[in-house]
C-alpha cells in the first residue's frame, strides 16, 4: 500500500534518522546525492544559446530515478528535503525535473538539524523551490565546466598530458607556488637575543633585553659593558586584560580548528562532520553563517548557569562578516547542548566535543588577566631589560575551551629596587622564513580572498593533491651553527651549538609541475589565476542567489574575457610554454645549457634544438627548483651516469637519476640508493645495496628452466610461472618446487597474456 507522503532526502543515513520522527503516513527515500548533472564527456553547454546546459541522468542513477518516479506517482504529496544550501536546492530542482513533478504543488522543506522539533517545524512550514539558489549553483557549475573544458586541453598540449585547470583550483595552486618562491628568495639573518637572570630579594627574575644585536661583536661589546654594571627597577607597568571566546564554528573555522587541535585533514573533518549531522548530533556543517537560534542560545545559557554559575555567563549574538553569507542559516553547533558526548567512533566523538566546547564557550564570560612589565635599567648602557608576568584572575570561557593558563609570575618588585645579576646570555638565532600553507591555513586564505565557498574548500584541496600539483610533506630542515655568549662572574664564555631551521610538518608544497603550469597560466591567463578576478565571479554568484542578476550574465561577464585568451594561447609553441631557462654555456663545448620542463617532467638540455647536432639531455637534480638551479649544478648532472666502481666479480657499477629517483645499475639490474644521491653513494655502499638486491631476487626464484627461459617465482599473490610475456598462477595442488616443464607449459598455454594499458587521449574538439 502506497504512503500518502513521499519525502526525498540526499543520503540514506539521513533517511533512516528522519523516518524515526515522522508517522506511518510518511515514506522517506534517498536520492543518493545528485541524480542529474552535465555528462562527463563533451562540453554539453550551448554557448550560442545563452549558455544552456544539457543535463543527463547518469547510468548509475537511472534505477534510483525509476524507483522514485514510481513512488512519486503513487503518493498524494512529494516533499523534497535536500540540504539547505545552493547544492541542495539544485538537487531538489533536478529531482523535480527528472521525476516530472509539478513545482507549484511539490513541497520543499529545509532544516538546520535532524531532530524531531526541526523536522516537525519544517513539515509545518514548507516552501517552493528557490530558483535563485538553483541558478547560483547552475552558474558555478556551468562556468567551471567552461573553464575546465577549454583550459585543460591547452595545458595538455602545451605543458603535459592529463593536467587539469580550474577557476578555483588554479588560484589555490598559485597561492602555494608563490609562497614557496617567497620562501626560496628569503634570506635568513642572524641576530642575537639577550636574556638576563637576576636576584630580587632572594627571588629569581628573568628578563629579556629590549633590543637584538645583528653581530657577534655588538653582542660581545654589550656583555663587556655589563661586567661592572649595576641594575635598578626604574618602572613597573600593570595592565588588566580580557580575552574573549571565538564565535561558534563555520565550515572554514571548524576545518582550521580541527586541523590545529585534532590533526584532522580538511577532507577528514567534513566526512566526520557529515556523519554527525546525518545522525542528528550537530547542525548542518556547510555554512558561512554565525547565526545561532534563540532556542539554542537559551539552552546553552541555562547549561552554563547551572554548571558553572551566573558569573560565567555572557550571552552573545554574532554577526557574519560576509554580508552575502547564505550557504546555511546557522553556525555549526550541537543539536542538544545537554549531550556532552556523541558519535559512533573516536573521530566523531573528538569532533563533536570540539563543536560542543566552542558553542558553550561562545556564551561564556571573558577570561581576565593582569599583565605586569618590569623595566630594568643598566648603569653602563642605554638599553633596558624587560621582565614580563601574567596572572589569570578569572578563567571565564577558558574553563571549557582552551584550558587553564599557567600563571607567569614576577616576584614582588618596587620602583628603585636594586637587582643582583647572576648571568646574562646572548644567543644567536636566525630569522625564520614565512610559514608554508597547511590545509587549514589555505582554507583561511581562500575564505579571506573570497575564493570558493564552504562546500568547495575540501574538494579543491583534494583535487590539487590528486592531480600532482601539490604534496603534503614533512620537511626535515637545515642544521645551522649558533653561537652562545654568556657573562658569568665577570667573564664571558663562548660556546657553539647547533639548531634545526626550516623544519615543517604536514605542509603543502608545490611540485615542479605546479611551477610550470602556474607560470604558463600566469603568462597567458593572468586573470584566471588572479584572486580578485575569481572572487568577483563568486560575488556575482551571490547576486544571482539574491535574485539581483540573471545567472547567464554572471557567466557572460567572465566568459567573454576568458575565451579570447584561450584562442590566443592555441598559437603558443610547446617550446615557449616549457618555460625553458638558459643557464649559461658549457665551458668545454660552448653549447648553451637549458633547464626546462619536458614530457616527463623537469630535465636539463645541452645544445639547441635549432642546431643540426641533436641536443644532449640529463636528469634534473632532486630538491632543486627550475628558477633556482645554477649552471654549476647542471654541469654536474651531465657527468651522469657516474662510474662508482666494480662488483666483486668485476662488473661496472654506475650511478644515475631516473623518474623514480637516484639508483645504481649493474648490467640490467637497477637498485634505488635513496636517500643517497648519485654523487654520494660510494663503491662499498653500492656493493652492499647490489648484494641485498641479488639476495631478494634469489629468494624470489623457486625454479628455472633456463633453456626454455621459463621461471617459477614467488609473487605478492603466491607462486607463479612466467616466460617473460605470460604469467600463470600455480594451483595449490601443485608444489612449486616440484613443478615439471610440461606442467609449466600447460599453465602458460591456458593463461592469457597481460593486457597492454593504452592511455586514452581525450578529444579537444568542440
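The values are calculated or read from the model by the stated rules, or taken from the named source; none is laboratory data. What you see is a predicted model; the values in this text were computed from it and never measured. Ideal geometry is used to build each Cβ from the backbone, glycine not excepted, and the neighbour counts take in all protein chains shown.
Structural remarks
- Residue check, residue 379 over 42 Å from the mean Cα position of the chain (by Cα) and loosely packed, with under 15 Cβ neighbours inside 10 Å: yes
- When residue 192 is tested against the conditions (1) at pLDDT below 95; (2) in contact with a strand residue (DSSP E or B) (Cβ under 6 Å, 6 or more places away or on another chain), the lone failure is (1).
- Among residues of segment 114-129, those that are closer than 24 Å to residue 544 by Cβ and crowded, with 18+ Cβ neighbours inside 10 Å, counted: 1
- The listed residue being in contact with a strand residue (DSSP E or B) (Cβ under 8 Å, 6 or more places away or on another chain) and more than 30 Å from residue 289 (Cα to Cα), out of 43, 80, 71, 38: 71
- Verdict on residue 282 being more than 23 Å from residue 437 (Cα to Cα) and without any contact (Cβ under 8 Å) to a residue 24 or more places away in the chain: no
- Condition check for residue 193: part of a strand (DSSP E or B) and loosely packed, with under 13 Cβ neighbours inside 10 Å: no
- Tally, over segment 292-316, of residues that are at pLDDT 90 or above and outside any helix (DSSP H, G or I): 6
- The lone exception for residue 39 - which of (1) without any contact (Cβ under 8 Å) to a residue 24 or more places away in the chain; (2) assigned to a helix (DSSP H, G or I); (3) within 33 Å of the chain's Cα centre (by Cα) it fails: (2)
- Consider segment 641-676 and keep the residues that are within 39 Å of the chain's Cα centre (by Cα), at pLDDT below 90 and not in a strand (DSSP E or B). The one that is surrounded by the fewest Cβ atoms within 10 Å (Cβ to Cβ) is 659.
- Whichever residue in segment 92-113 is assigned to a helix (DSSP H, G or I) and in contact with a helix residue (DSSP H, G or I) (Cβ under 9 Å, 6 or more places away or on another chain) and, among such residues, is surrounded by the most Cβ atoms within 10 Å (Cβ to Cβ): 92
- Here residue 344 fulfils each of the conditions (1) in a strand (DSSP E or B); (2) modelled with pLDDT under 95 apart from (1).
- Checked across segment 158-174, the condition of being assigned by TED's automatic domain parsing to the domain that holds residue 515, touching a residue at least 12 places away in the same chain (Cβ under 8 Å), surrounded by fewer than 19 Cβ atoms within 10 Å (Cβ to Cβ) and assigned to a helix (DSSP H, G or I) holds for no residue.
- Hits in segment 89-116 (condition: out of contact with any strand residue (DSSP E or B) (no Cβ under 9 Å at 6 or more places or on another chain) and either on the phi > 0 side of the Ramachandran plot or at pLDDT 90 or above (or both)): 90, 97, 98, 100
- Conditions (1) closer than 30 Å to residue 190 by Cα; (2) at pLDDT below 95; (3) in contact with a strand residue (DSSP E or B) (Cβ under 7 Å, 6 or more places away or on another chain); number of the one not met by residue 231: (2)
- Residue 422 satisfies every condition listed in (1) buried (at least 21 other Cβ atoms within 10 Å of the Cβ); (2) farther than 21 Å from residue 183 by Cβ except (1).
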